[in-house]
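What follows draws every value from the coordinates through simple rules; no lab data is involved. Model, not experiment: these values are computed from the prediction. Cβ sites come from the backbone with ideal geometry, for glycine too, and all protein chains shown count toward neighbours.
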Amino acid sequence: MIMEYWISPQGVVIEIKDHPVKTIVKDPQIFGYTLEEMQIIYAKYSDANEMEGEATKTIVADLIEKGWIYCHRRNSEGDWLADVNKLDKITRLDLQIWTQYLIGNKLITLDQNLRIYRRLRDLKSKRTFKQILDGNFFD
C-alpha cells in the first residue's frame, strides 16, 4: 500500500512509491525543478539519497513553502501526517481532494486521523478524515 503522497498546489495527487525526492528526480519539471538543480542540491550537502538527509529535508521544505503538501504514514496502525505551509483555502481544498482520492481507492476510513503540521505558524492539529471532508479544520 502507498503510504506517501505529494499534493500539488493545483490539487494533483502524486503517489510516492519509493522516496519523496526520488519521485521528484524522476520528473523534476512537475515539481518546478530541473535535474541539474537537484544534482546541485545533493552535491551541496554531499548526501546519499536517504530519507533523513539534509538534501531531502531542504527539498521537502522548499516544496512545502511553495504550496505543495507532503502526506505520509509511517506504519499501517499510525495516523496520517500532512506537512503544509499554511492551512489556507487552497490547502484545505487540496486536502479534501486527497481525502476523496484515498476514500475512493479504499485506502482509509472516515474515522482515521490526519495530523496536520502547519510550518508557517509551527502549529499542529488533528482531525478525522470525516472532519476534513466536512471542511472542519479548526476548533
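Annotations
- Total charge dipole magnitude, the stretch 4-65, about the Cα centre, Cβ charges on Lys, Arg, Asp, Glu only, Debye to nearest 20: 100
- Annotation note: trypsin sites (Lys or Arg not before Pro) in the stretch 103-139 located in DSSP loop regions with a Cβ neighbour count of at most 14 within 10 Å are LYS106, ARG119, ARG121.
- log10 of Debye I(q)/I(0), alpha-carbon scatterers only, for the stretch 1-117 at 0.10 Å⁻¹: -0.30
- Axis angle, to the nearest 10 degrees, between helix 89-104 and the longest C-alpha principal axis of the chain: 80 degrees.
- Remark: the stretch 69-133 is approximated by an ellipsoid whose semi-axes, taken from the C-alpha gyration tensor as √(5λ), come to 18, 14, 10 Å, largest first.
- Built amide H within the under 5 Å cut-off of GLY78, gap 5+: none
- Axis angle, to the nearest 10 degrees, between helix 35-45 and the longest C-alpha principal axis of the chain: 80 degrees.
- Within the chain, longest stretch clear of exposed GluC sites (Glu not before Pro) (DSSP loop, no more than 15 other Cβ within 10 Å): 78-139
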